[in-house]
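Have a look at the structure below, then the notes.
The values are calculated or read from the model by the stated rules, or taken from the named source; none is laboratory data. Keep in mind it's a predicted model, so treat the numbers as computed, not measured. Cβ sites come from the backbone with ideal geometry, for glycine too, and all protein chains shown count toward neighbours. These area figures cover heavy atoms from the full protein model, side chains too; ligands, DNA and RNA do not enter into them. Shrake-Rupley method; radii C 1.70, N 1.55, O 1.52, S 1.80 Å.
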Amino acid sequence: RRRLSHCIEVMQLGSTIAVSFGLDRDLTEAGALAHDLGHTPFGHAGEHSLNQTLNEIDTNIGGFNHYEHGLDVVSWLEDIYRSPGAEEIYGLNLTPETKECILKHTYHRENEEIGQNTLIRNSKHKDIDSRSCHLEGQAVRAADKISYLISDLEDGIRMGVIEIDDLRSCRFFDRPPIDLSIAQKET
């Protein structure tokens, strides 16, 4: 998978979730497309290496994580947003809700090293609180997790580490999450 194809897949999954639950589809899609903008080359391994290197240089730098860096990209590093008759605004002028999707799509919530609470407590972005993300952001988080877990399964199968019988023996695949058999009263 490439980062772009992953983000498009997360957008498609997130969009389906948003429509299914009556959420704001545009916000979900914007958050999904932007959620991984802060990634380094070499994925999470590159992120951990850069974090370690920055912490070895000076722990006051604050290390590196793609969640906050993605917010930096859209808030300051991308070209200035220009609107006729208005002041120049740094970044892409995204809504606070879209920015929340970027920072809060972490796979941990509590006080883990890369958990949402720790990230926000240590972040320079003080305008984002540590409460749970809005439902559209949670749809992005769920879609991201579904996307990368399916990708990991496909990689495992392709590498021969996971066999089809391994999947069949997994309790997750014992029964579908929705009972698809017709109930007596439905016949």
Q) What ³J(HN,Hα) values, in whole Hz, does the Karplus curve 6.51 cos²θ - 1.76 cosθ + 1.60 give for segment 63-75 when θ = phi - 60°, with x put for Gly and Pro? A) x, 8, 8, 6, 5, 5, 5, x, 5, 4, 4, 7, 8
(Q) Once ligands and nucleic acids are excluded and a 1.4 Å probe is used, how much of SER123 is accessible, expressed in Å² to the nearest 10? (A) 0
Q. What figure in square angstrom, to the nearest 10, would you give for the accessible area of ASP58 with a 1.4 Å probe?
A. 60
(Q) Test of the criteria: in segment 1-93, which trypsin sites (Lys or Arg not before Pro) are in a DSSP loop and have at most 16 other Cβ atoms within 10 angstrom of their Cβ? (A) ARG1, ARG2, ARG82
**Q.** Cα convex hull of segment 1-98 - mean projected area over all directions, nm²
**A.** 8.3
Q) If Lys and Arg each add +1 and Asp and Glu each add -1, what is the summed charge of the other residues whose beta carbon sits under 10 Å from the beta carbon of ALA18? A) -3
Q: At 0.36 nm per residue, minus the direct Cα-Cα distance, what do ASN122 and LEU4 gain on full extension? Give it in nm, one decimal, please.
A: 39.7 nm
